[in-house]
Every structure is written in structure tokens, then in C-alpha cells.
1. Would the stretch 57-75 turn up any residue that is among the hydroxyl-bearing types (Ser, Thr, Tyr) and exposed (fewer than 14 other Cβ atoms within 10 Å of the Cβ)?
2. Taking the conditions exactly as written (of a type outside the set (Ser, Thr, Tyr), on the phi < 0 side of the Ramachandran plot, modelled with pLDDT of 75 or more and surrounded by 19 or more Cβ atoms within 10 Å (Cβ to Cβ)), does Phe216 satisfy them or not?
3. What number goes with the only condition from (1) under 22 Å from Phe110 (Cα atoms); (2) in contact with a helix residue (DSSP H, G or I) (Cβ under 6 Å, 6 or more places away or on another chain) that Arg92 does not pass?
4. Output the qualifying pairs, or none if there are none: Cβ atoms under 6 angstrom, residues six or more apart or on different chains, first residue in the stretch 34-49 and free of Cβ contacts under 8 Å to residues at least 24 places away in the same chain, second residue of a type outside the set (Lys, Arg).
Amino acid sequence: MLATVLYGALTLQTYVYYQHYPTDRPTMKSLIAVLWIMNTFHMVLLILTLYHYLIRSFGNYEALAVSTWELRIHVFTNCFIAFLVQLFFACRVWRVSEGNRVVTGSIIFFACSALGFGSTTTIKSFSLLRFTQLPEIEWIVGMSLGSTAVCDILITMGLCYLLNRSRTHFKRTDSIINTLIAYSLCTGLLTTLFALVNLATFMAMPTNMIHLTIGFFLGKLYTNSLLATLNMRKDTRAKFGMPDIDMELRKFVPSVERTCHGCGTVASREGKPLEIFMQQTTNLHADSESLGSRSKGKEINLGQNM
């Protein structure tokens, strides 16, 4: 039931995304379409599972001890959804860190590990028909859930650290950075928390079905966090008075200059070059305006708030 509620929210967010951001790149639109299709397929699997146990096998208590092919496929589907979303956020970290291979590579490694162990779990489960046999592949399931949790932690901590390191002490820019950090925490911590709870419940109680409760809606939680990140762009632009056009907050310029009105002197401040988010993720752009010949075409209109 909770998965159904999250699927409804996911479908609404998908509709809002296509309505409000028709100019996004085709690759981003395709990613959202694939995620919606995968989540729809996952809901079909859950419905078939309920039908099997509650309707077709009504009164057959022996059937409760045997897993179905829908439950086995559910594991891979969930892992694949999480994998796509984690790659999406890995692209954000890559842009924010200006191509940091260690951090981005670590995220991709754990995302691939989670998908690999999840796929192995699905394959192995077809030879383990009864739930009482689940402890035989306990370490594989644990590695899949653990890799997912570690990947989420790296994404959340990496984004927050990199964004915080990019502060320029300009009021407008730092306000934007604070907002981006808050969004990263809200979306990242939620998936991280449930991934850790999923891992903890499985490791503590591997023979019961409690961990499946979290697994049923975890994929939809990932997709909703991605869509929330995309759909918040208009509100963020409005909050900071940015024009509602396809702009991108590209880089903090190495040197930003402004003229002190009234005294005619020029002040400058060093900033770290940084791509905050790829265009498809936040599109939090500033209306670029020449602030000096040294930073022409690259600077953000920060002087008006200094």
C-alpha cells in the first residue's frame, strides 16, 4: 500500500516534470521515462504477488513458504532503479568536483556492486524456492544492501562537502549554495536512512519478511528523490529572483571584480571554479552579465548583492 502511494506521487512528479521542463535534454527525458516504466513494471510485480498469496492461494498455508517469480524479479528491478538514480547523482558529483575521479569512481563502484550482487541474488533465488533457504545467500543479499547504503552515504556527504567548500562569501552565491546543500541533505538522507534500515532489518532478521516491506518501496523512494531534485528548479529560480529560462549556474569565476559606487575603486575576490550541477539536474542558473574584462562570459551576476 505504501509503495502504491509512492508510485502515485512518482507519476504526478513525472507529469509535472514533462509539463514544466520541455526543453531538457533528450537523454534526461529518456531517463525519466525509463524510470517511470521500471517503477510501473515493479508495481505490476507487487500486484501479481498479492494476487498469488491472497487470492489464488487463499487457504493454502503451504504456499506462504514458497517464493514466486514475481518476488525474485522484484529484487533485480529495485536494484536497477536504484542503480540508474545513483548514476544520475554520480554525474552531479562529477560536475561539482570538476572531475574528481576518486569520489565519483567510488560512487560508481558501489553502485555497480549493488547492481551486481542484486542480480546474483535474483539468479540464485530461482534455485532456492523456499524462504527458509534464504540464509544460504545471506551474504550476497547483505553485500547488495550494504553497497547501496555506502553509495548513498558517499553521494550525500560528497555533494555537501564539495558545495560547502565552494563558498565565496558573497551573500547571493552562498544563499544559493545553502539551498543546494539543504536539497542534497533532504533527498540524500532519506534514501540513505531507508537503505540502512533495510540492511539492518535483513541482517538482524534474515528469515522473516520485514526487510521486504522496505524493499517494496525503496525503488520508488529513489525515483521520487530524483524527480524532486528536477522539479524544484522553478521554485529555486523564483526564490532567488532568477529569470525562468534555460540557464545554468556554471562556474564561480577565479576572480570576480566590482566597482565600488561612489569611490570608483575596484575590489576583487578569489573564488574556486566549480560546476555546481549538470544542466539536467538543477538548472539553477544565473543571468550572466559582464562584471569585468577578466571574467567576461563566465561570471555570475553577484555584484548586485554585495
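1. Taking every residue of the stretch 57-75 in turn, at least one turns out to be among the hydroxyl-bearing types (Ser, Thr, Tyr) and exposed (fewer than 14 other Cβ atoms within 10 Å of the Cβ).
2. yes
3. (2)
4. Leu48/Glu70
The values are calculated or read from the model by the stated rules, or taken from the named source; none is laboratory data. Owing to the predicted nature of the structure, the values given are computational and were not obtained by experimental measurement. Using ideal geometry, Cβ is built from the backbone for each residue, glycine included, and neighbour counts are taken over all protein chains shown.
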